[in-house]
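The structure under discussion appears below in the form of structure tokens.
Just so you know, all these numbers are worked out from the coordinates, no wet-lab data involved. In this text the structure is predicted, and so the values were computed from the model without any measurement. Positions of Cβ are backbone-derived with ideal geometry, glycine not excepted, and every protein chain shown enters the neighbour counts.
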Amino acid sequence: MPGKFHHESLYRGEELAGKLAAIRVTICGVGAVGSNLADALARQGVANLRAIDHDRVEEHNVSTQLYGESDVGVWKVEALRNRLFRAVGIEIETVRKELGEGNARSLLKDSDLLIDAFDNSASRQFVQNYARTAGAPCLHVGLHEDYAEVVWDEQYRVPRDVAAAAAACDYALARNLVMLAVVVASESVVRWVGRGRRQNSTATLGDLAVRAMEAP
């Protein structure tokens, strides 16, 4: 019987499948982008995942994040661990802490790849500071209104936080934009693992377009 990653292995090749199974990925923030990206990578064969987040699942998360109604009130990292184990049988490492300047080094070390999926500038800055100090590969994934970007750290600038309403989670967000960003990000990870290629991209939902980002 074909294994659970049979179709991916046929498409990607056994060599790349082996590399994906071995790489150690840390996902910072497992909300809309991070939870769905973790699921996508796990189903593509990434077996060594660490998830960092300190929030619980809330009802308004259900439409855009991986979690369901039964997860409301559960810590996001625990809900994610349970869902990925049920989906593909992997045990991910979970860190239920708020990432900050004082603990970034201890939480992010021993990673082959960092993925910044946070929704605030302060946390993004902590990830970038560590990545640049440690020389660690880092991919940033962000959303705003109709726009998504997937940018490797060399060309990434931490944006300012948007309006104060965002702090109360009172902002417009389409699930399809989240999933579009996840597709672009997961493919960027796979291409980097397979070819060492760091491609920066933007995506817009209104015209359903994905474009390579030009270097500054």
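In region 10-212, Cα pairs under 8 Å separated by at least six residues give a relative contact order of 21 percent. Would you be so kind as to identify which of ALA22, PHE85, TYR67 lies farthest towards the positive end of the dipole of region 19-108, taking Lys and Arg as +1 and Asp and Glu as -1 on Cβ and the Cα centre as origin? The residue sitting farthest along the positive end of the dipole is ALA22. Sorted fewest first by neighbouring Cβ atoms within 10 angstrom, PHE118, PHE85 come out as PHE85, PHE118. Taking the Kirkwood radius as Rh and the Cα radius of gyration as Rg, region 63-147 has a ratio of Rg/Rh equal to 0.99. Taken along the Cα-to-beta-carbon direction at a fixed 7 Å, the label points for VAL210 and GLU59 span 3.5 nm. The lysines whose alpha-carbon is closer than 19 Å to the alpha-carbon of LYS97, local same-chain residues fewer than 8 away aside, are LYS76, LYS109. Among the listed values [x] 21.8; [y] 17.5; [z] 18.8, the one computed from these coordinates for Kirkwood radius over Cα pairs in Å is [y]. For the chain, the mean residue ellipticity at 222 nm estimated from helices alone is -11500 deg cm²/dmol, where every DSSP H run of n ≥ 4 contributes -39500 (n - 2.57) and the total is divided by all residues, rounded to the nearest 500. Between TYR147 and ALA22, the C-beta separation translates, for a Förster distance of 25 Å, into a calculated FRET efficiency of about 0.15.
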